[in-house]
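The values are calculated or read from the model by the stated rules, or taken from the named source; none is laboratory data. Quick caveat, the model's predicted, so the values are computed rather than measured. We place every Cβ from the backbone using ideal geometry, glycine too, and count neighbours over all the protein chains shown. SASA here: full protein model, heavy atoms, side chains in, ligands and nucleic acids out. Shrake-Rupley method; radii C 1.70, N 1.55, O 1.52, S 1.80 Å.
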Amino acid sequence: QVQLVESGGGLVQPGGSLTLSCSVSGSVVRLVTMAWYRQAPGKQRELVASISPNNDRDYADAVTGPFTIAKAHAWNSVTLFMTNLKPEDPAVYSCNRIPPNTLPWGEGNQVTVSS
């Protein structure tokens, strides 16, 4: 069974940067569209960014960062580089594929933006 393990969250000041990594067991990264999602307290999970098998990238309008999604087939990993983080960006960030809920969710990583 495919497992997703996220890492790299933490506390950052407004305007700061964080890098999130998702390790994916199994060779699905090269085969499916992978994505990062986030869920803030009291809100529904939302799509943040996605990357297709052909490296086509897409970002949610709500993400202004800029954020950059990337993947490494050799390491079965998907990374989200987040810059210029804002007070509206804090959430638990998780990776999965598109459509979501087709892979077991990992624990996610908390991102906190505070001065």
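Tell me, what ³J(HN,Hα) does each residue in region 99-115 have, in order and in whole Hz, if you take phi through Karplus 6.51 cos²θ - 1.76 cosθ + 1.60 with θ = phi - 60° and put x for Gly and Pro?
Each residue's phi maps through the Karplus curve to give x, x, 6, 9, 10, x, 6, x, 6, x, 10, 7, 10, 10, 10, 7, 8 Hz.
Using a cut-off of 15 Å between beta-carbons, work out the net charge of the residues near residue 51 (Lys and Arg +1, Asp and Glu -1, residue 51 not included).
After counting each charged neighbour, the total is +2.
Given Cα pairs under 8 Å that are at least 6 residues apart, what percent is the relative contact order of the chain? It would help to have the intermediate numbers written out before the result.
Values: 283 pairs, mean separation 42.9, N = 115.
Once normalised by length, the contact order is 37 percent.
Report relative contact order for region 22-85 in percent, whole number only (criteria: Cα-Cα under 8 Å, sequence separation at least 6).
34
Would you work out what percent of the accessible area of the chain, with all protein chains in place, is carbon or sulfur (probe 1.4 Å)?
49
For the chain, modelled as a GNM with alpha-carbon contacts under 10 angstrom, which of 20, 31, 80 fluctuates the most?
Maximum fluctuation in the GNM of the chain, among the listed residues, is at 31.
Please compute the net charge surrounding residue 12, taking Lys and Arg as +1 and Asp and Glu as -1 over other residues with Cβ under 13 Å from its Cβ.
Result for the neighbourhood of residue 12: 0.
Considering only DSSP beta bridges with both partners in the chain, what is the antiparallel share in %, to the nearest 5? Working shown, then result.
Details: 33 of 36 bridges.
Once the DSSP bridges in the chain are tallied, antiparallel ones form about 90 percent.
Mean projection of the alpha-carbon convex hull of region 25-64 over all orientations, in nm²?
3.7
Can you pull out the GluC sites (Glu not before Pro) in region 16-109 whose DSSP state is coil and whose Cβ has at most 11 other Cβ atoms within 10 Å?
Working: sites: 46, 88, 107; in loops: 88, 107.
Listed in order of number, the matching sites are 88, 107.
Taking θ = phi - 60°, what integer Hz values does the Karplus form 6.51 cos²θ - 1.76 cosθ + 1.60 yield along region 15-21, in sequence order, with x for Gly and Pro?
Each residue's phi maps through the Karplus curve to give x, x, 10, 9, 10, 9, 10 Hz.
Just the number please: accessible area per residue for region 15-76, 1.4 Å probe, all protein chains included, in Å².
Accessible area per residue: 54 Å².
Can you tell which of 68, 102, 33 shows the greatest fluctuation in a Gaussian network model of the chain with Cα springs below 10 Å?
102
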